[in-house]
Amino acid sequence: MILVDGKKTSQDIKNEIAARVAEIKTEGGKTPHLAAILVGNDGASQTYVGAKVKACHEIGFESTLVRLEETVSEEELLKVVDDINQNPDIDGLIVQLPLPRHISVEKVTNKIKPEKDVDGFTPANVGRMTLNWPAYVAATPYGIVELLKRYEIETSGKHCVVIGRSHIVGSPMSILMARNGNPGNATVTLTHSRTQNLKEITKTADILIVAIGKPEFVTADMVKEGAVVIDVGIHRVEDSSKKSGFRLIGDVKFDEVSQKASAITPVPGGVGPMTIASLLYNTLQAAEKKIYQ
Ligand code: NAD
């Protein structure tokens, strides 16, 4: 069984980006610059944004964090997005979700200039991805694609089952696996909360990608012998033996499924660390104008 190590792979990617940034600086080019907008004081959002800003510094990017009050109006937020859109020094922009309920995520997302949309959430980038054009692909699906590529996991002609159809993971993942490319060219079944006989379907998967958001939902009896299993889920469970008081588990019951899988991502240390690496990679591409010329 191959343990697909997202921690190591993400570090490799960060090293590659850092080397490219050093090169750009030596050539007298502009330092890539990521801006993040954080609205309110949500603890998890602060942690995620903090980790993104820290990663920027580690690899030599510039970063700007714009913090706005929970009570900021939609109009004011749209104005901040627009100012960043117009700022030639900033290459990439992310707006940390969730936003307060009085603000429309659709309006804000749609305001982000596609050329700076390094989260890959705008309709322009989702459309381009679907058309198999150069696009900023959302960080988590992109991280999974990169893991499959770097571990040389064959996807062509395989049956890939995706559990979950969220806009940020399951749906884009199904499109990426089906498109004509490598990784890709898989025969894809996208399953969701209304799917019947889920187990019968997952048992036929050569590649099973799980983004259901339910702790240890996928058990060994749902998995074919020799399948590749990608676990996107992240859940905190209490664990008094840990200094932090908790440990992380995924959507897959790792101990039993890893006995059957030919390759599997652990939690933590699988898909999670790839997400930030993908965001940094998208920002480098934005700085180098690789997607939109
Ligand atoms: P979500 O809650 O938006 O979507 C869950 C999906 O599961 C839905 O599409 C729903 O239809 C489907 N579903 C629910 N019950 C089902 C059932 N019984 N059978 C089949 N499908 C069912 O979740 P999400 O945002 O896609 O996240 C999924 C998990 O991945 C969460 O644990 C989340 O924390 C984690 N996540 C991790 C990363 C990362 O960087 N590793 C990024 C995003 C999300």
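Within the range 69-99, the residues that satisfy the criterion of being in a helix (DSSP H, G or I) and acidic (Asp, Glu) are 74, 75, 76, 82, 83. Residues that are away from the ligand (no atom under 16 Å from the Cβ), in a loop (DSSP other than H, G, I, E, B), of a type in the set (A, V, I, L, M, F, W, C) and under 23 Å from residue 260 (Cβ atoms): does the range 189-209 have at least one? No, because not a single residue in the range 189-209 is away from the ligand (no atom under 16 Å from the Cβ), in a loop (DSSP other than H, G, I, E, B), of a type in the set (A, V, I, L, M, F, W, C) and under 23 Å from residue 260 (Cβ atoms). Please verify whether the range 156-166 includes one or more residues that are assigned to a loop (DSSP other than H, G, I, E, B), within 9 Å of the ligand (Cβ to nearest atom), closer than 30 Å to residue 118 by Cβ and open to solvent by less than 60 Å² (accessible area, probe 1.4 Å). Yes. Filter the range 278-291 down to the residues that are in a helix (DSSP H, G or I) and of a type outside the set (Val, Ile, Thr) and list them by number. Within the range 278-291, 278, 279, 280, 281, 282, 284, 285, 286, 287 qualify.
The sole residue among 71, 130, 109 that is in the same structural domain as residue 39 (by TED's automatic domain parsing), open to solvent by 40 Å² or more (accessible area, probe 1.4 Å) and either hydroxyl-bearing (Ser, Thr, Tyr) or closer than 24 Å to residue 7 by Cα (or both) is 71.
In the range 240-269, the qualifying residues are those that are open to solvent by less than 30 Å² (accessible area, probe 1.4 Å) and not small (Gly, Ala, Ser), and the one that is farthest from the chain's Cα centre (by Cα) is 257.
For the range 253-277, enumerate the residues that are within 11 Å of the ligand (Cβ to nearest atom) and in a helix (DSSP H, G or I). Result: 271, 272, 273, 274, 275, 276, 277.
The values are calculated or read from the model by the stated rules, or taken from the named source; none is laboratory data. Because the structure is predicted, anything quoted here is derived from the model rather than measured. FYI the Cβ positions are ideal-geometry reconstructions off the backbone, even for glycines, and counts take in every protein chain you see. Side chains are part of the model used for accessible areas, which takes the heavy atoms of the whole protein and leaves out ligands, DNA and RNA. Shrake-Rupley method; radii C 1.70, N 1.55, O 1.52, S 1.80 Å.
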